[in-house]
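Q: Right, I'll just put the structure down here and ask away after.
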Amino acid sequence: MSVQRYILAISGILMICFGVASAQIDSSATTILLDRGSYDFDFSDLDEVKWRFQRHYQLVIREAVDIEILKNISLETNTEEKEELQEAKVKVLSPSNVDREFSLDSFAQQPFDADWTDYLLTIEELQIGDTLDISYTILSEPRLKIYRWDFQYAYPVLRSELQLLVPEAITFVDKLSDVSYLKSETALDTIISIARAKAQLKGVRVVCENIPGYREEPLAPYLVETRPAYLVSLTNLYPLADSYLPPWSDQITDLVLNDWWGKQYRNRGNFRWLLAAADDLLDKKYDDQIKISLLYQFVHEQATWDGTYGLFPSAMMDEMVIEKNVNRASMNMLLLALLREDGFKAYPILVSTIDRPPVQQEVPDINQFNHFVIAVDDGKNAVYLDAGDPSLPVGTIDPMVRRDMGVLIRNYKGNWVSLPEGEGKSTILVDLTLASDLSGRGYIKASFEGYDAMSERLQLAADPTGQYWKDRAAELSSFLRIDSVRYNNVKNPLSPFENVVHFHLITPGVDSMWINPVFYSFFNQAYLTDSIRTTPVVFPFKMFENIIMNIHLPEDVKVVYRPEPQRIKLEGQPFVLEFFVDESQNTQQIRSNLRLDKTRFDVSEYSALSTFLSHILEVLVDGILLAKG
């Protein structure tokens, strides 16, 4: 079995993720019978009108394995948004007619951070056949944000419906992310009485039916991207409040000119300490590419990433002379200020991360973005920068960033842009010289670029002794022993990360042995083993793998078996494997050249992709058998 090429553990890309399952509902599975929700306003206090969310759902337990999970009923409120759990009621409806009921007083309030409060109810002695009937109401201040009603959960849903009702004067935008399970969508128009006056309300009711539970699938997008949902955002609260969502253009201009976000990097007074620290570097003349790299490295010497994102910096720039552990936006603010100070044409690009819902361009809400990166014009083309992780090479951005929807800000105006796909490139040369007893010596020269360089630098940081090479090389041959490992360009983000490994083979009493030339590849394990697929297949980035192995043989060692050369291509797709086997004098050369120039494959392409990857796996794990003459 071969070792998988080390790739960033990006949860939701490479890890197992959730996808939409087949439309068939299993009658023996625990099922949500009904899930009903509503958004409207609570007019009981006209001096303080509240936004109201109500939910009522029924779930029947049909499998014992679910009891331990479902006995804990958890309701969450957002403290920052001043949400209040107004009502909560849980009924346990038993087939034996011994029903139980719990009110809000039965819930234990458990604040678990500054922004969220958890209300927990634990119900003991649940049984198969019990139906949980749960309803609750949450009040909050009306906000101009996207509200999301999910139709899909881990358990299948027979019927899910969402109703929205707002006063006639209030405007909103809405969107159904997936119409696969839509039963009906109805416009609402009604009149209610408020303090002896009549009020015209408008809205919509959306009903979906027979929604299967999501299932685990490898190489899938995050659940928040694939889960069917109804999205709605209020865009104007008048006459309840003097609050509205300006168009994108106004929000972008305000962000740069009036908000402290833009003033951070435009006002030199905020980062005098940074300019003083970088004075010598700023005064020196370098090639643009080198200068960008040096400024990028300098920022990582001034601050460290705390592991969080955010459109807004976690610390103001003048505070960062002391506060050094900051979010990614703070570090990019430092880099943006330095680049502009040095005369570069550097511009922020508002982006979101893949663990967040995709940005809805129809909803002009800048808070959909939770990060920003930098585009620099180096005189030749655009260079993209994203400070935070020093192992990330110059010219690449965090692999967690969505590429398809960003806003580049230039001259206080924003333009929608798509960012280029990331790439990872691995070039590995193995040179092995064997003796008559099948012992031998050799070396591995590996060069990693792009995201592969980032992955390898992270691997070295986690294991500074380089023991991971021991496991990798063992996949080349079980008789292989590492002598030394040398690294080049460990902290140089401009150059490929190079590894040189020297090794020897110990083969006591062995008459034959297998050598696995492609011992290190992303594709030397099976990913797509299911016969059906419900979500797109998403690779973390474009991949280029080039592996060359030279085996120098003495006269009395023969080749018993070697793979056949071949070239295989995924029809109509930029996905190719070229596998060559050559013989010259006493040298056997095996070359594997794999190119994946596309990162996303639709469900309709799954069958062909799955078959193609199976074929690749067969080729890559095929070794060469050598024996004494």
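The values are calculated or read from the model by the stated rules, or taken from the named source; none is laboratory data. The model shown is predicted, which means the values in this text are computed figures rather than measured ones. FYI the Cβ positions are ideal-geometry reconstructions off the backbone, even for glycines, and counts take in every protein chain you see. For accessibility, only protein heavy atoms count, side chains too; no ligands or nucleic acids. Shrake-Rupley method; radii C 1.70, N 1.55, O 1.52, S 1.80 Å.
Q: Scanning the stretch 111-128 for residues that are touching a strand residue (DSSP E or B) at 6+ places or on another chain (Cβ under 7 Å), farther than 17 Å from F53 by Cβ and open to solvent by 80 Å² or more (accessible area, probe 1.4 Å), which turns out modelled with the lowest pLDDT?
A: If we take residues in the stretch 111-128 being touching a strand residue (DSSP E or B) at 6+ places or on another chain (Cβ under 7 Å), farther than 17 Å from F53 by Cβ and open to solvent by 80 Å² or more (accessible area, probe 1.4 Å), then F112 is modelled with the lowest pLDDT.
Q: Next question, about the same structure. Please name all residue pairs, on different chains or six or more residues apart, with Cβ atoms under 9 Å, provided the first residue is in the stretch 359-383 and is hydrophobic (A, V, I, L, M, F, W, C) and surrounded by 20 or more Cβ atoms within 10 Å (Cβ to Cβ) and the second residue is at pLDDT below 90 and part of a strand (DSSP E or B).
A: A375/A382; V376/A382; V383/D377
Q: How many of the residues in the stretch 181-210 are closer than 20 Å to F43 by Cβ and either in contact with a helix residue (DSSP H, G or I) (Cβ under 7 Å, 6 or more places away or on another chain) or among the polar types (S, T, N, Q) (or both)?
A: Total meeting the criteria: 3.
Q: Filter the stretch 37-84 down to residues that are polar (S, T, N, Q) and part of a loop (DSSP other than H, G, I, E, B) and give me whichever is surrounded by the fewest Cβ atoms within 10 Å (Cβ to Cβ). Don't jump to the end; show me each part of the working.
A: First, the residues of the stretch 37-84 that are polar (S, T, N, Q): 38, 44, 54, 58, 72, 74, 77-79.
Then drop every residue that is not part of a loop (DSSP other than H, G, I, E, B), which leaves 44, 79.
Working: S44: 11, T79: 14.
Among those that are polar (S, T, N, Q) and part of a loop (DSSP other than H, G, I, E, B), it is S44.
Q: Another question about this same structure. Pairs needed: first member in the stretch 386-403, farther than 12 Å from L335 by Cβ and basic (K, R); second member anywhere, open to solvent by less than 20 Å² (accessible area, probe 1.4 Å) and not in a loop (DSSP other than H, G, I, E, B); C-beta distance under 9 Å; at least 6 residues apart or different chains.
A: What qualifies is R402/V351; R402/T353; R403/V351.
Q: Next question, about the same structure. Evaluate the following for S447: is it under 18 Å from Q588 (Cβ atoms), of a type outside the set (A, V, I, L, M, F, W, C) and open to solvent by 20 Å² or more (accessible area, probe 1.4 Å)?
A: no
Q: Could you grab the pairs with beta carbons closer than 9 Å, sequence gap of 6+ or different chains, first residue in the stretch 52-64 and within 15 Å of L85 (Cβ to Cβ), second one assigned to a loop (DSSP other than H, G, I, E, B) and of a type in the set (D, E)?
A: F53/E83
Q: Please specify each residue of the stretch 593-629 satisfying the condition of being of a type outside the set (D, E, K, R), touching a residue at least 60 places away in the same chain (Cβ under 8 Å) and in a strand (DSSP E or B).
A: Scanning the stretch 593-629 gives L594, F601, I624, L625, L626, A627.
Q: Right, next: Limited to the stretch 620-629, what total is found for residues that are buried (at least 20 other Cβ atoms within 10 Å of the Cβ) and closer than 15 Å to I547 by Cβ?
A: Here the count works out to 2.
Q: Six or more apart or on different chains, Cβ under 6 Å: which pairs go from a residue in the stretch 410-421 that's touching a residue at least 12 places away in the same chain (Cβ under 8 Å) and more than 17 Å from Q360 (Cβ to Cβ) to one that's of a type in the set (S, T, Y) and outside any strand (DSSP E or B)? Could you list them?
A: Pairs that qualify, where the first residue is touching a residue at least 12 places away in the same chain (Cβ under 8 Å) and more than 17 Å from Q360 (Cβ to Cβ) and the partner is of a type in the set (S, T, Y) and outside any strand (DSSP E or B), are Y412/T253; E421/T599.
Q: For the subset of the stretch 408-435 comprising residues that are among the polar types (S, T, N, Q) and in contact with a strand residue (DSSP E or B) (Cβ under 6 Å, 6 or more places away or on another chain), which member is nearest to L553 (Cα to Cα)?
A: Among them, the one singled out is T433.
Q: Given the options L505, L460, name the one that is touching a Gly at 6+ places or on another chain (Cβ under 8 Å) and under 19 Å from I624 (Cα atoms).
A: Residue meeting the stated conditions: L505.
Q: Residues of the stretch 113-166 being touching a Leu at 6+ places or on another chain (Cβ under 7 Å), among the basic types (K, R) and under 30 Å from D365 (Cα atoms), which ones?
A: Result: R148, single match.
Q: Shifting gears a bit: Pick out the one residue from L182, L162, L234 that is touching a residue at least 60 places away in the same chain (Cβ under 8 Å) and either more than 30 Å from P536 (Cα to Cα) or in contact with a Cys (Cβ under 6 Å, 6 or more places away or on another chain) (or both).
A: Result: L234 is the single residue among L182, L162, L234 that is touching a residue at least 60 places away in the same chain (Cβ under 8 Å) and either more than 30 Å from P536 (Cα to Cα) or in contact with a Cys (Cβ under 6 Å, 6 or more places away or on another chain) (or both).
Q: Looking at this structure, is F298 surrounded by fewer than 19 Cβ atoms within 10 Å (Cβ to Cβ) and modelled with pLDDT of 95 or more? Before you say what the answer is, go through the steps one by one.
A: Values: surrounded by fewer than 19 Cβ atoms within 10 Å (Cβ to Cβ): yes; modelled with pLDDT of 95 or more: yes.
Considered against the rule, which asks whether it is surrounded by fewer than 19 Cβ atoms within 10 Å (Cβ to Cβ) and modelled with pLDDT of 95 or more, F298 comes out as yes.
Q: What strands (runs of 3 or more DSSP E) completely inside the stretch 434-512 contain at least 2 residues that are of a type in the set (G, A, S) and closer than 30 Å to T396 by Cα?
A: Counting at least 2 such residues, we get 440-449.
Q: Can you give me the ranges of the strands (runs of 3 or more DSSP E) entirely in the stretch 137-225 with at least 3 residues that are open to solvent by less than 60 Å² (accessible area, probe 1.4 Å) and farther than 23 Å from D35 by Cβ? Write out each step before concluding.
A: Working: elements: 146-150, 157-167, 171-176, 182-194, 197-211, 215-217.
In the stretch 137-225, the matching strands (runs of 3 or more DSSP E) lie at 197-211.
Q: Could you pull out the residue among D66, D47 that is modelled with pLDDT of 95 or more and of a type in the set (D, E)?
A: Within the list D66, D47, the selection yields D66.
Q: Taking the stretch 296-316, which residues are touching a strand residue (DSSP E or B) at 6+ places or on another chain (Cβ under 6 Å) and free of Cβ contacts under 8 Å to residues at least 24 places away in the same chain?
A: If the condition is that a residue be touching a strand residue (DSSP E or B) at 6+ places or on another chain (Cβ under 6 Å) and free of Cβ contacts under 8 Å to residues at least 24 places away in the same chain, then T304, D306, S314, A315 are the ones that fit.
Q: Anything in the stretch 565-592 that is assigned to a loop (DSSP other than H, G, I, E, B) and either under 22 Å from V537 (Cβ atoms) or touching a strand residue (DSSP E or B) at 6+ places or on another chain (Cβ under 7 Å) (or both)? List them, or say none.
A: Result: P565, L570, E571, G572, Q573, P574, N586.
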